[in-house]
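S.K.: Can you keep this structure in mind? I'll have questions shortly.
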Amino acid sequence: MRLPPALEWWREEPGGEAWLERLPGIVTGCAEQWSLTLDAPVEQAHVSLVIPATLPDGTGAVLKINFPDPESEHEADALTHWNGSGAVHLLEHDPERRALLVERCEPGTQLWAVEDE
């Protein structure tokens, strides 16, 4: 798997190079664990590895692998708490791999078209 060039800056951060080297194995493990068909990684993503995926039933999803730092440690908890209200639904989570499988967010209704609360 070719990593997006936008992630290369991680090589200069403590632990970043080792994380980048582990990413292909992490992705393979997640794809097997959750029976995912993966597309090419999102080139513009520059903090986490983001890969569009398809679930076995054909549903679109996104696999997101975060660098194991305190900033991303509770992302899965936050997504679980929000339960799709203002954020994507968390479908699966592997805390050891710092991997999230979330619903695919497709462009849709413009914010100004949504009734004000």
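S.K.: Taking Cα atoms, how many degrees apart are the long axis of helix 16-33 and the longest axis of the chain, rounded to 10 and kept between 0 and 90?
M.R.: The two axes meet at around 60 degrees.
S.K.: Take the solvent-accessible surface of the protein heavy atoms, probe 1.4 Å, and return the percent of it on the chain that carbon and sulfur atoms account for.
M.R.: The C+S portion of the solvent-accessible surface of the chain is 52 percent.
S.K.: Moving on. With a cut-off of 8 Å between alpha carbons and a minimum separation of six or more residues, what is the relative contact order of the chain in percent?
M.R.: It rounds to 19 percent for the chain.
S.K.: Taking only C-alpha pairs under 8 Å that are 6+ residues apart, what is the relative contact order of the stretch 38-97 in percent?
M.R.: The normalised contact order for the stretch 38-97 reaches 20 percent.
S.K.: Would you mind getting the accessible area per residue of the chain, heavy atoms of the protein chains only, 1.4 Å probe, in Å²?
M.R.: 64 Å²
S.K.: Please work out how much length the chain gains when fully extended from GLN44 to ALA18, using 0.36 nm per residue of separation minus the C-alpha to C-alpha distance, in nm with one decimal.
M.R.: Details: separation 26, 0.36 × 26 = 9.36 nm, distance 2.12 nm.
This chain segment gains 7.2 nm when fully extended.
S.K.: Can you work out the Karplus-derived ³J(HN,Hα) for every residue in the stretch 6-15? Use 6.51 cos²θ - 1.76 cosθ + 1.60 with θ = phi - 60°, whole Hz, and x for glycine or proline.
M.R.: 5, 8, 4, 4, 4, 4, 8, 9, x, x
S.K.: While we're looking at this one, here's another question. From the alpha carbon gyration tensor of the chain, can you work out the equivalent ellipsoid semi-axes (sqrt of 5 times each eigenvalue) and give them in Å, largest to smallest? Present the calculation step by step, with values, prior to reporting the outcome.
M.R.: Values: eigenvalues 124, 58, 44 Å².
So the equivalent ellipsoid measures 25, 17, 15 Å along its semi-axes.
S.K.: Please identify the chymotrypsin sites (Phe, Trp or Tyr not before Pro) of the stretch 1-106 that satisfy two criteria: DSSP loop assignment and at most 10 other Cβ atoms within 10 Å. Which are they?
M.R.: In loop regions of the stretch 1-106 (DSSP not H, G, I, E or B), there are no sparsely surrounded chymotrypsin sites (Phe, Trp or Tyr not before Pro).
The values are calculated or read from the model by the stated rules, or taken from the named source; none is laboratory data. Note that the coordinates shown come from a computational prediction; the quantities given were computed from them, not determined experimentally. Neighbour counts run over all protein chains shown; Cβ positions are idealised from the backbone, glycine included. Remember, those area values only see protein heavy atoms, side chains included, never the ligands or the DNA or RNA. Shrake-Rupley method; radii C 1.70, N 1.55, O 1.52, S 1.80 Å.
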